[in-house]
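The values are calculated or read from the model by the stated rules, or taken from the named source; none is laboratory data. Note that the coordinates shown come from a computational prediction; the quantities given were computed from them, not determined experimentally. Cβ: placed from backbone, ideal geometry, glycine included. Neighbour counts: every protein chain shown. To get the accessible areas, we keep the full protein, side chains included, count just its heavy atoms, and leave off ligands, DNA and RNA. Shrake-Rupley method; radii C 1.70, N 1.55, O 1.52, S 1.80 Å.
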Amino acid sequence: MMLKLRFLSLFFVLSTGLGWAQKALPNPLILANGKRVQNAKQWHKERRPELLRMFTSEMYGQAPPRPKEMQFEVFDVDKNALNGKATRKQIAVYFNGKADGPRMDLLMYIPNHLQRPAPAILGLNFWGNHAVHPDPAIRITTSWMESGKGNPYVKLSCVTDHRATEACRGVNAAQWPLDTIIARGYALITAYREDIASDDPKTGFQKGIHPIYPDYQGRTDNFGTIAAWAWALSRAMDYVVTDKAIDAKRVAVFGWSRLGKAALWAGATDERFAMVISNESGAGGAKLFHRGVGENIRRLCTVFPHWYAASFKKYMDRDTLLPFDQHQVISLVAPRPVYIASAVDDKGADPQGEFAAAKAAESVYLFLGKTGLPAQTIPPLNQSVQGQIGYHIREGGHDVTLYDWKQYLNFADKHFN
Ligand code: GCU
């Protein structure tokens, strides 16, 4: 039996194209008891929940259920936004039902030219809803904001005493090509990461939703910040299913970098997301730790100690020996479509490792009767490959570009229409 298992895992390493040097990648289709998953029903009823439990206890931490007290307040509707091309809505999500409690604002733009509910892309933003577009009606968040110092992606000189000002409107618009998204017939729904949880290791769990869940801290599987962002994406979805303007069966969850890590976990845990898009999510997102390339677990757990559960720290310096890896998180999205994207100069995210993880998740897609990722090796730059798993590596560095969005919209067209 043992020999057979070894043979299977060796075969798995070879078949994912990773070569001899790496330790065997754990096979998503082998149960913890060593038995192979026999059919789709067993995947959904046994193996998928088993993997979810493992990643919850060992990496992301336990998340609370949907709060019973949660309230939504639609505080803004403009049917004539973006020169009449879209309807803008803003919704306050009061997580504990209290107006002075933690609050997340959802910003939505819905195309006006569709004669039916709109498919949507839902993703968190780094620098506030008001930074996504210069539209003067977008509420400026009062949540804490990073200062502009050393920030290569966006000029945040508009931030005073860690609060956004009027001058911050649209500063991050280059990463959110709203006109293109709307013209292509998709709604965009977004919310600001700091409305949900503090991304500052110093204030970690003292702001946002964490203080209302004290029982979820002080334990090894504590509710980490990546899990909190993923949880908030599910709370956004709780609103979306009530809004008739959106086709809730066609919502893709999207995220870049740390927010891509959150989008992947949201898609893994919440099957209401019909598609998952991970833009350069890298370590603790889509890349494989087993390769031992790029950002490692030690760095994640020391520079961003709030991101993952305390239990994850025991794997520091054991990246290549992990009993699990991120291809299994990707496989939890199956059979729903998932897109993993890399950028060639984004070395910390290990583009080869992101591709290898997407490829290693393929076995579950094939097992469930879907296509996988139609590429044996990493494709040339700027060439999107799209099966049920999509992938591209584009030129340039860590960013979200119009090129990236065009591939995601094509992928959504392919799977949603
Ligand atoms: C840091 C971090 C990455 C993360 C990135 C981001 O570079 O090391 O893991 O993805 O920030 O969120 O931009």
Length released on extending from Q115 to S157, taking residue separation times 0.36 nm less the Cα-Cα span: 11.0 nm
Helix axis angle, 351-367 relative to the chain longest principal axis, alpha carbon, degrees: 70
DSSP bridge pairs, the chain: antiparallel proportion in percent, nearest 5: 50
Accessible area (Å², per residue) of the chain, counting only protein heavy atoms and a probe of 1.4 Å: 39
E73 versus Q206: modelled label distance in nm, points set 7 Å from Cα along the beta carbon direction: 2.7
Shape call, the stretch 79-153: gyration tensor on alpha carbons, a/c limit 1.5: oblate
Where N is the number of residues in the stretch 109-265, Cα Rg divided by 2.2 N^0.38 Å: 1.08
For the chain, cysteines whose Cβ has no other cysteine Cβ within reach (under 4.7 Å): C301
The chain, accessible surface, carbon-and-sulfur percent (1.4 angstrom probe): 54
Relative contact order (%) - criterion: Cα under 8 Å, at least six apart; region: the stretch 71-416: 13
Distance between modelled label sites at I30 and R219, nm, 7 Å Cα→Cβ extension: 3.1
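Restricting to DSSP H runs of at least four residues, report the calculated mean residue ellipticity at 222 nm for the chain, -39500 (n - 2.57) per run over all residues, nearest 500 deg cm²/dmol.
Estimated from H runs of four or more residues: -7500 deg cm²/dmol.
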Cα convex hull of the chain - mean projected area over all directions, nm²: 19.1
Inverse of mean 1/r across different Cα pairs in the stretch 242-380, Kirkwood, Å: 15.3
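Looking at the stretch 169-255, which trypsin sites (Lys or Arg not before Pro) are DSSP coil and have at most 11 other C-beta atoms within 10 Å of their C-beta?
K202, K244
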Mean Cβ neighbour count within 10 Å, used as a protection proxy, ranking 315-321, 97-103, 344-350 highest first: 344-350, 315-321, 97-103
Cα lying deepest toward the dipole's positive end in the chain, options N125, L156, V37, charges on Cβ: V37
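Select from the stretch 14-121 those GluC sites (Glu not before Pro) which occupy a DSSP coil region and have at most 16 other Cβ atoms within 10 Å, ordered by residue number.
On the way: sites: E46, E50, E58, E69, E73; in loops: E69.
Passing sites in the stretch 14-121 are E69.
The stretch 335-417: D in µm²/s via Stokes-Einstein (Kirkwood Rh, Cα pairs, 4 °C, 1.567 mPa s)?
101
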Charge dipole (debye, nearest 20) of the chain; +1 at Cβ of Lys and Arg, -1 at Cβ of Asp and Glu: 1140
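Based on a Kirkwood Rh over C-alpha pairs, give the Stokes-Einstein translational diffusion coefficient of the stretch 45-112 at 10 °C and viscosity 1.306 mPa s in µm²/s. Don't skip to the end; give the middle numbers.
Working: Rh = 14.9 Å.
For these conditions, the coefficient is 107 µm²/s.
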With Cα atoms, 0 to 90° folded angle of helix 225-240 axis to the chain main axis: 60
Percent of C-alpha pairs per 5 Å bin, the stretch 158-210, short to long: 4, 15, 16, 20, 17, 15, 7, 4, 1
Tilt relative to the chain, helix 2-15 - C-alpha long axis, 0 to 90 degrees, to 10: 50
